[in-house]
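A quick write-up on the structure given underneath.
The values are calculated or read from the model by the stated rules, or taken from the named source; none is laboratory data. Quick caveat: nothing in here was measured; it's all calculated off a predicted structure. Here the Cβ positions follow ideal geometry from the backbone for every residue, glycine too, while neighbour counts run over all protein chains shown. Keep in mind that these areas ignore ligands, DNA and RNA; they rest on the heavy atoms of the full protein, side chains included. Shrake-Rupley method; radii C 1.70, N 1.55, O 1.52, S 1.80 Å.
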Amino acid sequence: MFNDNTIKMNPFVYNSPVRGKDFFNREQAVEKILKETVRGKSQGSIWITGERQIGKTSLLRHVQSMNDEFNEKVTPYGTKKSLDVAFVFANVQGCENEDEFYNTLWQGLKDFFDFKLKKGANGYKNFINAMTEVYIRRKYFTVFLIDEFDAFIETISYKEIHTATNFLAKLSSLLQEIDEIDEGSKTFSCVFTANHDIKELLTANGIDNRGSGLIVEALNLKWFTQTQVSELVKKYMKDSDFQFTESEIELCFKSAQGYPYFTQKMLSLMYDAKKIITNDKQYRNTVKVEFGEMFKETIEDWGGDNMPMRTLKKLIEMVQKMDLGRQFTVVVMKTLEIYLRAKMGP
Ligand SMILES: Nc1ncnc2c1ncn2[C@@H]1O[C@H](COP(=O)(O)OP(=O)(O)OP(=O)(O)O)[C@@H](O)[C@H]1O
Ligand SMILES: [Mg+2]
């Protein structure tokens with residue numbers, strides 16, 4: 001009798017980065033990150049590009065969660081050292097200047113290693129002190145997981161154009177070696193996430209590409225395929241009282257097209273609707289209408305200057321393929337075209 005009282009919760013997640021067992025797919029991306037930063041010979045960095053709400057933060061948090069079981073060692077190129085690895089997360093979206101950037105990395109290191117170093121007035125010096133502690137004394141190679149990197153670059157280049165070029169040049173040189181540590185080898189790698197790919201970002205902000213010198217491997221984060229959506233559903237609905245049919249998954253894929261956030265959102269709408277609407281036709285119409293309204297609200301919420309060009313273009317392609325009726329397409333396209341014009345300028 002008590003068993004009948006268990007209310008099964010909607011398993012889909014769309015309000016925050018996914019964590020733990022909710023993290024789905026991305027094996028290839030994780031593989032590439034590890035190969036580039038720690039498993040390869042030369043401890044490189046990687047630039048991950050993806051639309052809004054595609055799963056950048058989720059991916060970085062997932063890599064961060066690997067700290068517990070990751071026991072591979074790193075031998076920085078040109079040394080005979082054998083170092084442990086620390087995956088250190090840092091969101092730099094709110095950083096206003098270089099000092100705050102380095103203090104954010106410092107804070108990430110402090111959270112990870114829980115060291116007793118005092119925070120001084122100079123962000124860069126704090127960072128160097130912490131890296132010395134970590135690399136020399138604790139014998140760790142650090143992989144910084146730097147979320148929202150392009151937002152930070154935009155902030156600093158907005159103020160003065162050379163600031164960003166100089167900052168990137170300095171960071172590139174630190175990635176090669178930190179003079180203050182004087183070991184002649186790499187001490188850390190970075191995994192950057194961004195809405196823009198690196199070329200786009202440099203061009204849009206007038207940053208001198210050669211001058212900045214940041215060398216990174218590029219990775220574009222992908223949307224889920226229909227097969228993957230089907231796998232995601234299986235995973236999330238493992239304990240559910242009912243299951244979606246292949247044709248229902250197709251309904252989801254036709255609308256959300258594998259865009260991770262919209263996929264979870266659509267599945268969530270379907271889950272709630274299916275529990276209360278028994279007529280199949282009525283159920284399908286209801287979720288389509290709800291999805292359309294949600295989609296429209298979301299893009300309005302992301303709209304204006306906040307929406308990266310890359311996301312905007314992807315959304316336009318997406319709406320053109322959507323199957324939510326002509327009226328919906330016309331209205332939403334109009335909104336997107338207004339954003340597009342505003343972005344392109346006169
Ligand atoms: N690996 C994943 N497995 C399942 N769902 C995911 C995954 N990655 C992303 N999602 C879906 O996308 C949503 C957004 O994820 P996340 O916050 O990581 O994206 P983001 O790219 O960092 O977004 P933003 O551009 O706002 O920073 C999640 O709430 C979830 O619905
Ligand atoms: Mg994010």
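Of the conditions (1) assigned to a helix (DSSP H, G or I); (2) closer than 24 Å to LYS35 by Cβ, LYS234 clears all except one; give me its number.
Of everything listed in (1) assigned to a helix (DSSP H, G or I); (2) closer than 24 Å to LYS35 by Cβ, LYS234 misses just condition (2).
Would you please name the residue that is farthest from ligand 2 (Cβ to nearest atom), looking only at residues in the range 62-77 that are touching a strand residue (DSSP E or B) at 6+ places or on another chain (Cβ under 7 Å) and open to solvent by less than 60 Å² (accessible area, probe 1.4 Å)?
Once the filter is applied, the top-ranked residue is PRO76.
Kindly establish whether GLN264 is in a helix (DSSP H, G or I), exposed (fewer than 12 other Cβ atoms within 10 Å of the Cβ) and on the phi < 0 side of the Ramachandran plot.
No, not satisfied.
Is there a residue being more than 16 Å from ligand 2 (Cβ to nearest atom), crowded, with 21+ Cβ neighbours inside 10 Å and more than 29 Å from MET309 (Cβ to Cβ) anywhere in the range 40-60?
Yes, there is a match, as at least one residue in the range 40-60 is more than 16 Å from ligand 2 (Cβ to nearest atom), crowded, with 21+ Cβ neighbours inside 10 Å and more than 29 Å from MET309 (Cβ to Cβ).
Could you say whether any residue in the range 139-146 is closer than 24 Å to THR79 by Cα and open to solvent by 10 Å² or more (accessible area, probe 1.4 Å)?
Looking through the range 139-146, at least one residue is closer than 24 Å to THR79 by Cα and open to solvent by 10 Å² or more (accessible area, probe 1.4 Å).
Determine whether VAL30 is open to solvent by 10 Å² or more (accessible area, probe 1.4 Å), in a loop (DSSP other than H, G, I, E, B) and in contact (Cβ under 8 Å) with a residue 24 or more places away in the chain.
No, not satisfied.
Quick check: is even one residue across the range 82-90 more than 28 Å from GLY213 (Cβ to Cβ) and more than 16 Å from ligand 1 (Cβ to nearest atom)?
Checked the range 82-90: at least one residue is more than 28 Å from GLY213 (Cβ to Cβ) and more than 16 Å from ligand 1 (Cβ to nearest atom).
Looking only at the range 192-224, which residues are among the β-branched types (Val, Ile, Thr), outside any helix (DSSP H, G or I) and open to solvent by less than 70 Å² (accessible area, probe 1.4 Å)?
THR193, ILE207, VAL216 - these are the residues of the range 192-224 that are among the β-branched types (Val, Ile, Thr), outside any helix (DSSP H, G or I) and open to solvent by less than 70 Å² (accessible area, probe 1.4 Å).
Among the numbered criteria (1) under 19 Å from GLY258 (Cβ atoms); (2) away from ligand 2 (no atom under 16 Å from the Cβ), which one does ALA29 miss?
Failed condition: (2).
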